[in-house]
1. What is the angle, in °, between the Cα long axis of helix 26-39 and the longest principal axis of the Cα atoms in the chain? Nearest 10 is fine, range 0 to 90.
2. Listed highest first by mean packing, meaning other Cβ atoms within 10 Å per residue, what order do 44-57, 16-29 come in?
3. Taking the 0 to 90 degree range and rounding to the nearest ten, how far is the long axis of helix 2-15 tilted relative to the main principal axis of the chain, both from C-alpha atoms?
4. Taking amide H atoms as placed 1.01 Å from N in the peptide plane, list the residues 5 or more away in sequence, or in a different chain, whose amide H sits under 5 Å from that of Gly59.
5. Let me spell out the model: positive unit charges on the Cβ of Lys and Arg, negative unit charges on the Cβ of Asp and Glu, origin at the Cα centre of the chain. What dipole size does that give, in debye rounded to 20?
6. Of the options Phe53, Gln5, Gly41, report the single residue whose Cα projects farthest towards the positive end of the charge dipole of the chain (beta-carbon charges: Lys, Arg +1; Asp, Glu -1).
7. If one puts a single equal scatterer on every Cα of the chain and applies the Debye formula without solvent, what log₁₀ I(q)/I(0) results at q = 0.15, 0.23, 0.28 Å⁻¹?
Amino acid sequence: MWKEQVDRISEIAKEYGEDLNPGVRREEADVLEKKLQASIGSHITLPEGYKEFLMTANGFSYNGLMLYGG
């Protein structure tokens, strides 16, 4: 469901000459997870859905909504 919403937001942004941040590679999402584990604790894992989001768009701001990337 989130993927369709992000795709739609991307389409709307393009109508205004804007674009979402490019996604990260899987390796970059894994590095983020390892950094969190090192600083917070080894029990920390990023949900797979959030990793997929980061690989689609590394955060964005749209119509007052801010989603932060890694």
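1. Relative to the chain, helix 26-39 is tipped by roughly 50 degrees.
2. Numbers: 44-57: 15.4, 16-29: 13.4.
For the peptides 44-57, 16-29, the packing ranking is 44-57, 16-29.
3. 40
4. The list, which skips near neighbours in sequence, is Gly69.
5. Numbers: 8 positive and 12 negative charges, 50 e Å.
Here the chain has a charge dipole of around 240 debye.
6. Value computed over the given set: Gly41.
7. For the chain at q = 0.15, 0.23, 0.28 Å⁻¹, log10 I(q)/I(0) is -0.52, -0.98, -1.25.
Read-outs throughout are calculated quantities, based only on the coordinates presented, and are distinct from any laboratory measurement. Small disclaimer: the values here were computed from a predicted structure and weren't measured. Every residue, glycine among them, receives a Cβ derived from its backbone with ideal geometry; neighbour counts consider all protein chains shown.
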